[in-house]
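Engineer: Okay, handing you the structure first.
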Ligand SMILES: NC(=O)c1ccc[n+]([C@@H]2O[C@H](COP(=O)([O-])OP(=O)(O)OC[C@H]3O[C@@H](n4cnc5c(N)ncnc54)[C@H](OP(=O)(O)O)[C@@H]3O)[C@@H](O)[C@H]2O)c1
């Protein structure tokens, strides 16, 4: 089976190139090989590569910039996935695509199920929703995996920003009234490989197409997430300095993940931190479908955070 992966320099794409290896021949397509800002070319490039599966984590992910660059975000997040779906219809291929918790406005208290009404609060969320809709209406075989608050040890993400700020400041103000679920890119990639394998192996799932929520279990705020992450890294940095590393860690955190001094943290409301794009107050996704239909068990976000940071 030939699997084309886009966005291989990104957080999820990087991990997918590793996790998909046991499933077949992985063709890694960076933005030079396949520029999604030029959707008209997408189908032709894919015909040349001729994959049986496309896994598409490439996206315009700059949430605030998407407010002013909506046309570019729409080309990459909606028109390009539509072109991929067109290839998949012609070739009988499977499209695995990623979407976001930001297709919801975050106004409800509970968790969002896959078929709850969408209402994006910002331009990024709107263009991602348009991508989902184009894939669904194309009729191609697809898995649309909605995830949230993605992080990894490489690439840009909230946690990395917190570590950088902790090195420069004694005091950090962090939003405490927006709730969601931090999701490691490596976890997304490993679950994706499992889903593709299960879809192939199971008679009940082989024709399954639709949207699936994919995050760890539990929920947190940006404030609690930063507090836990910085505390874990601070402890590991101190242990490394004092030469008493925990048995679960092979080395002290690398220079870019060291937190030698714990800053004081102040919980603030989102209203005190205005950004160009509005963010949902609650974007926790319900996990019943992936657990009950696909037989996966989602671990808690904080355990995964500790596991990922062992390798920092
Ligand atoms: N990050 C989050 O917090 C988050 C939350 C919810 C959902 N998601 C979704 O999860 C998926 C993976 O996100 P991520 O965090 O891994 O993203 P990321 O780290 O920002 O990586 C984005 C990737 O897309 C590629 N890309 C951007 N413009 C492109 C273009 N014109 N043509 C081809 N490739 C292009 C980038 O390549 P270059 O390096 O060459 O630009 C990069 O490899 C995306 O669908 C995203 O919408 C992310």
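The values are calculated or read from the model by the stated rules, or taken from the named source; none is laboratory data. Just so you know, these numbers come straight off a predicted model, no measurement behind them. All Cβ positions, even for glycine, are placed from backbone atoms using ideal geometry, and neighbour counts span all protein chains on display.
Engineer: Residues of segment 106-121 being within 15 Å of the ligand (Cβ to nearest atom) and either in contact (Cβ under 8 Å) with a residue 60 or more places away in the chain or in a strand (DSSP E or B) (or both), which ones?
Structural biologist: Initial filter on segment 106-121 (within 15 Å of the ligand (Cβ to nearest atom)): 106, 112, 114, 118, 120-121.
Result: 106, 112, 114, 121.
Engineer: Could you please find all residues in segment 122-162 being near the ligand (Cβ under 10 Å from one of its atoms), part of a helix (DSSP H, G or I) and surrounded by fewer than 23 Cβ atoms within 10 Å (Cβ to Cβ)?
Structural biologist: Correct list: 158 only.
Engineer: Identify the single condition in (1) closer than 18 Å to residue 4 by Cα; (2) surrounded by fewer than 23 Cβ atoms within 10 Å (Cβ to Cβ) that residue 68 does not satisfy, given that it satisfies every other one.
Structural biologist: (1)
Engineer: What is the number of the single condition among (1) touching a residue at least 12 places away in the same chain (Cβ under 8 Å); (2) surrounded by fewer than 16 Cβ atoms within 10 Å (Cβ to Cβ) that residue 242 does not meet?
Structural biologist: (1)
Engineer: What about residue 199, is it surrounded by fewer than 18 Cβ atoms within 10 Å (Cβ to Cβ) and not in a strand (DSSP E or B)? Let's see the steps before the verdict.
Structural biologist: Values: surrounded by fewer than 18 Cβ atoms within 10 Å (Cβ to Cβ): no; not in a strand (DSSP E or B): yes.
When the stated conditions are applied, residue 199 does not pass them.
Engineer: Output the residue which, of all residues in segment 32-80 that are more than 10 Å from the ligand (Cβ to nearest atom) and in a strand (DSSP E or B), is farthest from residue 126 (Cα to Cα).
Structural biologist: For segment 32-80, the residue satisfying everything is 53.
Engineer: Determine, yes or no, whether residue 297 is in contact with a helix residue (DSSP H, G or I) (Cβ under 7 Å, 6 or more places away or on another chain) and free of Cβ contacts under 8 Å to residues at least 12 places away in the same chain. Please lay out each step first, then the result.
Structural biologist: Values: in contact with a helix residue (DSSP H, G or I) (Cβ under 7 Å, 6 or more places away or on another chain): yes; free of Cβ contacts under 8 Å to residues at least 12 places away in the same chain: yes.
For residue 297, the condition - in contact with a helix residue (DSSP H, G or I) (Cβ under 7 Å, 6 or more places away or on another chain) and free of Cβ contacts under 8 Å to residues at least 12 places away in the same chain - is met.
Engineer: Would you mind stating whether residue 26 is more than 14 Å from the ligand (Cβ to nearest atom) and not in a helix (DSSP H, G or I)?
Structural biologist: Working: more than 14 Å from the ligand (Cβ to nearest atom): yes; not in a helix (DSSP H, G or I): yes.
Answer is yes for this residue.
Engineer: Okay, next question. All but one of (1) over 18 Å from the mean Cα position of the chain (by Cα); (2) under 30 Å from residue 68 (Cα atoms); (3) assigned to a helix (DSSP H, G or I) hold for residue 226; state the number of the condition that does not hold.
Structural biologist: (1) is the only condition that residue 226 fails.
Engineer: For segment 176-186, state whether one or more residues are modelled with pLDDT of 95 or more, assigned to a helix (DSSP H, G or I) and crowded, with 19+ Cβ neighbours inside 10 Å. Give the steps one after another, and end with the answer.
Structural biologist: Of segment 176-186, the ones modelled with pLDDT of 95 or more are 176-186.
Adding the requirement that they be assigned to a helix (DSSP H, G or I) leaves 185-186.
With crowded, with 19+ Cβ neighbours inside 10 Å added as a condition, the list becomes 185-186.
The answer is yes; a qualifying residue exists.
Okay, residues lined up against (1) more than 14 Å from residue 309 (Cβ to Cβ); (2) away from the ligand (no atom under 16 Å from the Cβ); (3) within 13 Å of the chain's Cα centre (by Cα):
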position	(1), (2), (3)
169	yes, yes, no
172	yes, yes, no
178	yes, no, no
184	no, no, yes
199	yes, yes, no
206	yes, yes, no
221	yes, no, no
230	no, yes, no
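Engineer: Please go through segment 167-177 and pick out each residue that is in contact with a helix residue (DSSP H, G or I) (Cβ under 8 Å, 6 or more places away or on another chain) and within 18 Å of residue 230 (Cβ to Cβ). Write out each step before concluding.
Structural biologist: Kept after step one, since they are in contact with a helix residue (DSSP H, G or I) (Cβ under 8 Å, 6 or more places away or on another chain), are these residues of segment 167-177: 172-177.
Across segment 167-177, the qualifying residues are 172, 173, 174, 175, 176.
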